[in-house]
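Peer 1: I'd like to ask some things about the structure below.
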Amino acid sequence: MERKHTIFLTVVAVATLLIVLVGSTFAYFAATVTKTGSEDDTQTVIKTASLGITYDAGSKVVLGTEEQGIFPGATGENSFSVSNTGDYDTPVDITWIELTNDFTGNDLVYTLTRTDLDGVSNSQVVKEETVIPKTDDADKLIIKETIPAKSGYKYKLNVSFKETNVDQSADKGKTFDGKINIEVAASDSKYTTNPSDLNS
């Protein structure tokens, strides 16, 4: 009788241990999202176990004006911050998502700069002037950028339709639309903090 009781207690202990392990693993990867206002014009804050991501004006990249559309010389800017509150350096990928670009030439470009979280210190160009890709997977803004522990970076993405002083009428009425996605990079798996999931 005592042997059955010992086996029963062992099974209960193992089951409890499994529940605790699964529960703590889920808690480690669970994300908390705080959002107010509409998607395109408000601050979005996303936090994981050790990263905080702040889109200063939403994740959407805006170029040109509603009245004029996109015209030669039009520029747009998007700023966002990635902070690491954890004890370990964390690599991230910064990519385009939901990208629409039907411009014909190579005049639609972007540059990406980075500073410390204060927005001033240690300014550096992360990506020189680069033609905006036609699809999401054609060009990654940054792959495996290491965010130091207890630190972070503020990024500024500048987008422009270059004025070339030659006929650019082939691109009249063309469309550009896209968002910035930031995800933790890992060798075997990725936990996505995808801004398009915020309205789910």
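The values are calculated or read from the model by the stated rules, or taken from the named source; none is laboratory data. Quantities reported herein were computed from a predicted structural model and do not represent experimental measurements. Don't worry about glycine lacking a Cβ; one is built from the backbone with ideal geometry, like all the others, and counts go over all protein chains shown.
Peer 1: May I ask you to say which residue of Lys174, Lys150, Lys144 is assigned by TED's automatic domain parsing to the domain that holds Thr85 and crowded, with 16+ Cβ neighbours inside 10 Å?
Peer 2: Lys174
Peer 1: Pairs needed: first member in the range 112-141, farther than 20 Å from Thr54 by Cα; second member anywhere, of a type in the set (Gly, Ala, Ser) and buried (at least 16 other Cβ atoms within 10 Å of the Cβ); C-beta distance under 9 Å; at least 6 residues apart or different chains.
Peer 2: Listed by first residue and then by second, the contacts come to Glu129/Ser160; Ile132/Gly178; Asp136/Gly178.
Peer 1: Let me confirm something: among Val125, Val166, Val131, which residue is at negative phi and surrounded by 15 or more Cβ atoms within 10 Å (Cβ to Cβ)?
Peer 2: Val131
Peer 1: Any residue in the range 171-198 that's assigned to a helix (DSSP H, G or I): show its pairings with residues that are surrounded by fewer than 16 Cβ atoms within 10 Å (Cβ to Cβ) and modelled with pLDDT of 50 or more at Cβ separation under 6 Å, as long as the two are six or more apart or on different chains.
Peer 2: Correct list of pairs: Asp171/Thr104.
Peer 1: Continuing with this model, one more query. Tell me which residues, restricted to the range 139-169, are over 23 Å from Thr90 (Cα atoms) and within 16 Å of the chain's Cα centre (by Cα).
Peer 2: The answer is Asn158, and nothing else.
Peer 1: Take the conditions part of a strand (DSSP E or B), within 22 Å of Ala170 (Cβ to Cβ), in the same structural domain as Thr175 (by TED's automatic domain parsing) and touching a residue at least 12 places away in the same chain (Cβ under 8 Å) and apply them to Gly76. Does it pass?
Peer 2: Values: part of a strand (DSSP E or B): yes; within 22 Å of Ala170 (Cβ to Cβ): yes; in the same structural domain as Thr175 (by TED's automatic domain parsing): yes; touching a residue at least 12 places away in the same chain (Cβ under 8 Å): yes.
The answer is yes for Gly76.
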